[in-house]
Structure formats: structure tokens, C-alpha cells
Amino acid sequence: MKFITVAATIAAFVALASSVDAVCTCLSKHAGKHCGQSTSMSWECLYDYIYQCDGTVNSIAHEYGPCRKGCVSSGLSSSYCST
């Protein structure tokens with residue numbers, strides 16, 4: 001009986017952990033727009049997306065949206081979508 005309780009508890013933790021969405025965070029103190037693939041962004045950020053950072057390290061990035069033809073990193077905080 002104890003084994004079943006332990007197994008059920010472990011299964012519940014696994015289910016909870018897998019349902020949590022990854023959050024894109026800013027890794028730089030430079031406020032502005034950044035490409036998701038930039039080293040200024042966490043690995044959870046989407047490639048070729050533009051994000052806005054407020055200049056606080058480890059803050060949640062605000063998603064602007066995808067870049068259809070790629071994201072261009074220009075300087076520390078002025079990334080833009082390629083046209």
C-alpha cells in the first residue's frame with residue numbers, strides 16, 4: 001500500500017512539472033528589443049521572435065511577435081525583424 005502512495009505522489013509531481021510553461025526571461029540590463037536567439041535572452045525564448053526587456057536582469061520578457069524573415073540583432077537593445 002505504501003508503494004502505491006509513493007508512486008501516485010511521484011506521478012502527480014511529474015504531471016505538475018510537465019504542465020508548467022517555460023518563461024522567456026531577459027538576461028541583460030539593457031532595456032529595449034531583443035531577438036529570442038540573442039545571448040541577452042534565456043534559452044526558453046523562441047528563435048526569430050522579438051521581445052521587449054525593461055532593463056531588469058531575469059525579468060519576464062514581453063513578446064512582440066515572430067519575425068517572418070528572421071530577426072536581426074543590432075547593438076545591445078535595438079533588434080528588429082528583417083524585411
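The values are calculated or read from the model by the stated rules, or taken from the named source; none is laboratory data. Bear in mind the structure is a predicted one, so any value in this text is a computation, not a measurement. All Cβ positions, even for glycine, are placed from backbone atoms using ideal geometry, and neighbour counts span all protein chains on display.
The set of residues in region 59-82 that are within 12 Å of Met41 (Cβ to Cβ) and modelled with pLDDT under 85 comprises Ser73, Ser77. Note on region 18-32: among residues that are surrounded by fewer than 20 Cβ atoms within 10 Å (Cβ to Cβ), within 20 Å of Cys71 (Cβ to Cβ) and out of contact with any Leu (no Cβ under 9 Å at 6 or more places or on another chain), the one that is modelled with the lowest pLDDT is Ala22. Take the conditions (1) in contact with a strand residue (DSSP E or B) (Cβ under 7 Å, 6 or more places away or on another chain); (2) modelled with pLDDT under 65; (3) among the hydrophobic types (A, V, I, L, M, F, W, C); Ile10 misses just one of them, which is (1).
Yes/no per residue for (1) among the small types (Gly, Ala, Ser); (2) surrounded by 14 or more Cβ atoms within 10 Å (Cβ to Cβ); (3) out of contact with any strand residue (DSSP E or B) (no Cβ under 6 Å at 6 or more places or on another chain); (4) farther than 10 Å from Cys24 by Cα:
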residue: Ser40; (1), (2), (3), (4): yes, yes, no, yes
residue: Trp43; (1), (2), (3), (4): no, no, yes, no
residue: Asp48; (1), (2), (3), (4): no, yes, no, yes
residue: Asn58; (1), (2), (3), (4): no, no, no, no
residue: Tyr64; (1), (2), (3), (4): no, yes, no, yes
residue: Cys67; (1), (2), (3), (4): no, yes, no, yes
residue: Ser73; (1), (2), (3), (4): yes, yes, no, yes
